[in-house]
Amino acid sequence: MAAIFLLWVIAEIAAIWAVASLVGFLATLGLLLAGALVGSWLARREGGKAARAVMDTARAGRSPHNEVTDGMLIGLGGVLIFVPGFVSDVAGLLLLLPPTRALVRRSWLRRLERRGPAQARGFASRNRVIVVDSEVVSDQGRDTRGDDRRDPPQRPIIESE
């Protein structure tokens, strides 16, 4: 993970350096600011659409897992937009655009199904066995208010020095 983060930082610095070499320092800052503004507007718009889609799907009685996944990807795209740098801005914008987000969602869900097919099938199965660790308590000795009128059972006390 540390190696991936280091490679990402190097890619961001290289991209900023390349853009600054082409258009200048102030124009580079302007492009970064414009990317953040456009990305935040797009994230807000797409996030609202995703929230409405989740509600509509839930009201229709269907499972909104695609819509929830879209909402998560939109959130990730919004975070990537606010991270300074061109590489993260491009990745964030790709997650905010519906066609590329659908591609990412499908590949992500396929990857999850390959990694944990037993767990994915377990959620859909109705023949699951649930084991609950519990203790049986007798109702004898309780009055109508639910207070226990008996003396509590004496338990051995272990003392240590």
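Considering only residues that are buried (at least 21 other Cβ atoms within 10 Å of the Cβ) and more than 23 Å from V54 (Cα to Cα), which ones fall in the stretch 86-95? I'd like the intermediate steps shown before the answer.
Let us first name the residues in the stretch 86-95 that are buried (at least 21 other Cβ atoms within 10 Å of the Cβ), namely 88-89, 92, 95.
Within the stretch 86-95, S88, D89 qualify.
I'd like the full set of residues that are open to solvent by less than 80 Å² (accessible area, probe 1.4 Å), free of Cβ contacts under 8 Å to residues at least 40 places away in the same chain and under 23 Å from G77 (Cβ atoms), limited to the stretch 1-17.
Those that are open to solvent by less than 80 Å² (accessible area, probe 1.4 Å), free of Cβ contacts under 8 Å to residues at least 40 places away in the same chain and under 23 Å from G77 (Cβ atoms): V9, A14.
Any idea how many residues of the stretch 54-85 are open to solvent by 40 Å² or more (accessible area, probe 1.4 Å), under 23 Å from W17 (Cβ atoms) and over 19 Å from the mean Cα position of the chain (by Cα)?
Counting residues in the stretch 54-85 that are open to solvent by 40 Å² or more (accessible area, probe 1.4 Å), under 23 Å from W17 (Cβ atoms) and over 19 Å from the mean Cα position of the chain (by Cα) gives 1.
Grab the helices (runs of 4 or more DSSP H) fully contained in the stretch 1-92, keeping just those with 1 or more residues being over 24 Å from R105 (Cβ atoms) and small (G, A, S).
Of the helices (runs of 4 or more DSSP H) lying wholly inside the stretch 1-92, those with at least 1 residues that are over 24 Å from R105 (Cβ atoms) and small (G, A, S) span 2-23, 25-59.
When the stretch 27-65 is examined, which residues are found to be of a type in the set (D, E, K, R) and over 19 Å from P99 (Cα atoms)? Write out each step before concluding.
Let us first name the residues in the stretch 27-65 that are of a type in the set (D, E, K, R), namely 44-46, 49, 52, 56, 59, 62.
D56, R59, R62, listed by residue number.
The values are calculated or read from the model by the stated rules, or taken from the named source; none is laboratory data. A quick note: this is a predicted structure, and the numbers were derived from the prediction, not measured. A quick note on method: Cβ atoms are made from the backbone with ideal geometry, for glycine too, and the neighbour counts reach across all protein chains shown. Areas reflect the complete protein model, heavy atoms only, side chains present, ligands, DNA and RNA absent. Shrake-Rupley method; radii C 1.70, N 1.55, O 1.52, S 1.80 Å.
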